[in-house]
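The next block holds one structure in the form of structure tokens; read it before the comments.
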Amino acid sequence: MAVATAALIAAIALAGLPVPAGSTGPSVARDVQSAAFTSVTVSANAPALGATGIPDTAVRSDSYLEVTDRFMEPGRRPKAPATRPVVTQPASPSGAAWKPPRYTVSGNATFYGNGTTAMRLPTGTVVRVCGKGGCVQRTIDDYGPTSTNRIIDLYTPDFFKICGCPSWSGTTWVTISVY
């Protein structure tokens, strides 16, 4: 009895399944009929048509502006004030507020075309490099130099900014403040 019931349930379940859709074999290759295509010639100065095939001017909004249209505000131009109002500006503090560095290092620096590098400092360290020509604040973005006679390689424009030396110079003495 149990076998007959299971067979009946399976037969009902199979009868309820949908039939497979689509073809079971490859389609027959057919040539495309040339009559399916229509030749269209459009002159270069023909008016542009919208996606609906209606000329563009027929679907323009009421507020469409032509190239020759001018803007004018209604009424008269307001008079310019005779004098400007006096505004009291608060005094700004002078000077710079640098937090004290963790430590400073002095030594030779040279220029490098790809950023600011220092072998003894990890990437991401913020440093202020000062030389005879001034100071720059930069973030270490690469490792180097490996030479023992240099402590930092600077991006070329930064090097000549703080160097205060001619363009043929190769090294300069700097002080690095590490933050």
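The values are calculated or read from the model by the stated rules, or taken from the named source; none is laboratory data. Given the structure is predicted, the values throughout are model-derived calculations rather than measurements. Here the Cβ positions follow ideal geometry from the backbone for every residue, glycine too, while neighbour counts run over all protein chains shown. Calculation scope for accessible area: heavy atoms of the full protein, side chains included, ligands and nucleic acids excluded. Shrake-Rupley method; radii C 1.70, N 1.55, O 1.52, S 1.80 Å.
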Pairs where the first residue, in segment 95-108, is more than 22 Å from F159 (Cα to Cα) and the second is surrounded by 10 or more Cβ atoms within 10 Å (Cβ to Cβ), C-beta under 8 Å, 6+ apart: K99/Y179; R102/V178; R102/Y179
Has segment 83-93 got any residue that is open to solvent by less than 30 Å² (accessible area, probe 1.4 Å) and either part of a loop (DSSP other than H, G, I, E, B) or aliphatic (A, V, I, L, M) (or both)? no
Return the residue satisfying two criteria in turn: it lies in segment 1-25 and is among the small types (G, A, S) and modelled with pLDDT of 75 or more, and of such residues it is nearest to the chain's Cα centre (by Cα). A10
Test: residue in segment 107-128 that is assigned to a helix (DSSP H, G or I), open to solvent by 70 Å² or more (accessible area, probe 1.4 Å) and either closer than 20 Å to V178 by Cβ or in contact with a Leu (Cβ under 8 Å, 6 or more places away or on another chain) (or both): no
Applying the selection to segment 94-106, what residues are at negative phi, exposed (fewer than 11 other Cβ atoms within 10 Å of the Cβ) and not in a strand (DSSP E or B)? S94, A96, A97, K99, P100, R102
Which members of segment 152-178 meet the condition of being of a type outside the set (D, E, K, R) and within 11 Å of V129 (Cα to Cα)? I152, L154, F159, I162, C163, W173, V174, T175, I176, S177, V178
Go through segment 151-173 and give me each residue that's farther than 17 Å from R102 by Cβ, open to solvent by less than 40 Å² (accessible area, probe 1.4 Å) and part of a strand (DSSP E or B). D153, L154, T172
